[in-house]
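Pasting a structure below so you can have a look.
The values are calculated or read from the model by the stated rules, or taken from the named source; none is laboratory data. In this text, all values refer to a predicted model and were calculated from it rather than measured experimentally. Virtual Cβ from ideal backbone geometry, glycine too; neighbours counted across all protein chains shown.
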Amino acid sequence: MKNINKKIAALLAFVILGYNGFSQAKAEDMGRIVLAAYVPQQVDKMSDAARTMLTNKLSQIVTANGMGGSAANERFIITANIVTLTKDLTATAPPMTALGLEVTFYIGDGIEGTKFASKSVQVKGVGTNETKAYIEAIKQIKTNDPSYAAFIEEGKQKIIKYYESKCDFIIKDAKSLATQNQLEEAIYKLSSVPDVCKTCYDKCLAAIAPIYKQKIDRDCKLKLAEATNTWNASQGYDAAAAAGAILAGIEPQAACYGEAKALSAKIQKRVLEVDKREWNYVMKEQQQTSELIKAYRDVGVAYGNGQPKSVTYNVNGWW
C-alpha cells in the first residue's frame, strides 16, 4: 500500500509539470483542439449533395491547418453560410446557369452559440441548372489556401481562452460527477481539455489522478469478486483460465491489487498441483507515468465513443 501511495504522489507531482507524451489516433486527438465540421439545414437552396460537399470542404480546411481529427469534445465547430450574389443565364446553346456565391466560414462554440472568427470567399460556378451550378461553385473553394491560416488561428486562440476562463468550472463539474460515481464521465471531461491550453490542462491532469484511482479501486473490487466466484465454481483449468482473464484486467495501482495477485498465485499453484499444467495468465505490472496518462485518455475515449453522436448546435445570430 505504501508503494502504491508513493506512486500516486509521484504521479501527481509529475502531472503538475505538464507531461505531454500521449498515444496516437483517437487518444491523441483528445489532447488537441479539433473542430467538428457542421453545415446547418437552414442554409438556403442547398441540396444534399452540395451539403455533403461543403461539409467535406470544411473538414479539409481544418485538416490542412492542423485542427482536423476525431473531435473528443464536439462543442467547437467550423461551419459556413452561403449567399447567392449573382444569377445569370449564359448566351450559349443550350443556356447555362451561372452563379456567383459568397461563402462565409465561421468558427465558434456550437453549444453556447458563441461565434469566435469568420472569413468570406467568393466563388463562381456554371451548370445546366441552378443545383449543378451551385455544386460547381462549391468545388471552387480552395481548401489549401494559406489565407485560412489566420482565420483558424484566431478561432484556436478564442478556444484556448474559453478553456482558461472555464477551467475551474470544468474541474468542479468533474468532481461533482465523481461524487455521484460517474467516474468515466468525470475523466472524459477532464481529459478532453487540449494540452495547448497548458494552465487548464495541467490543472485537469492533476484532478484526474485521484478520480482515476477511485475508478480502478472500484473496478478492482468488482473484478476480484467476479474472478473469485468464477474460480470457486469448479476450480478446474477452464475456471482458472476464465478467472485469469478477469484478473489480468486489474490495474496495478488499484487498492486490491495485492489481493488479486494472491488469488492469482493460489490459482496457479492449484492448477499445477491438480492438472500438472502451467497457468500462463500474467497480471499487469506497475505502470510508468506516461502509461497512466495514456490510461486516462483511454477511459475518456471509451466513454466518448459510447455516447450518442447527434449534437444540436446553436448558430443563431452568426450570420
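Does Glu251 count as acidic (Asp, Glu) and surrounded by fewer than 17 Cβ atoms within 10 Å (Cβ to Cβ)?
no
Name the residue, out of Tyr313, Tyr296, Tyr257, that is touching a residue at least 60 places away in the same chain (Cβ under 8 Å) and closer than 25 Å to Tyr237 by Cβ.
Values: Tyr313 fails: closer than 25 Å to Tyr237 by Cβ; Tyr296 fails: closer than 25 Å to Tyr237 by Cβ.
The conditions single out Tyr257.
Please go through segment 139-156 and give me each residue that is more than 21 Å from Arg51 (Cα to Cα), in contact with a strand residue (DSSP E or B) (Cβ under 8 Å, 6 or more places away or on another chain), surrounded by fewer than 19 Cβ atoms within 10 Å (Cβ to Cβ) and touching a residue at least 40 places away in the same chain (Cβ under 8 Å), ordered by number.
Scanning segment 139-156 gives a single hit, Glu154.
Looking at Asn181, Asn229 in this structure, which one is out of contact with any His (no Cβ under 8 Å at 6 or more places or on another chain), closer than 30 Å to Gly244 by Cβ and in a loop (DSSP other than H, G, I, E, B)?
Asn181
Looking at (1) more than 24 Å from Val193 (Cβ to Cβ); (2) assigned by TED's automatic domain parsing to the domain that holds Thr228; (3) not in a helix (DSSP H, G or I), which one does Gln253 not meet, given that it meets all the others?
Going through (1) more than 24 Å from Val193 (Cβ to Cβ); (2) assigned by TED's automatic domain parsing to the domain that holds Thr228; (3) not in a helix (DSSP H, G or I) one by one, Gln253 breaks only (1).
Quick one: would you say Val123 is modelled with pLDDT under 95 and surrounded by 15 or more Cβ atoms within 10 Å (Cβ to Cβ)?
Taking the combined requirement at face value, the residue does not satisfy it.
If I go through segment 264-305 residue by residue, how many of them are under 28 Å from Ala240 (Cα atoms) and among the aromatic types (Phe, Trp, Tyr)?
Here the count works out to 2.
Shifting gears a bit: Can we say Thr179 is exposed (fewer than 15 other Cβ atoms within 10 Å of the Cβ) and modelled with pLDDT under 95?
Details: exposed (fewer than 15 other Cβ atoms within 10 Å of the Cβ): yes; modelled with pLDDT under 95: no.
Judged against the criteria, Thr179 is not a match.
Could I ask something else about it? So if I check each of Tyr296, Tyr313, which one is within 26 Å of Ser191 (Cα to Cα), outside the structural domain of Thr84 (by TED's automatic domain parsing) and part of a helix (DSSP H, G or I)?
The unique qualifying residue is Tyr296.
Out of Lys142, Lys132, Lys124, report the one residue that is in the same structural domain as Leu89 (by TED's automatic domain parsing), of a type in the set (D, E, K, R) and either within 23 Å of Glu251 (Cβ to Cβ) or in contact with a helix residue (DSSP H, G or I) (Cβ under 7 Å, 6 or more places away or on another chain) (or both).
Lys124
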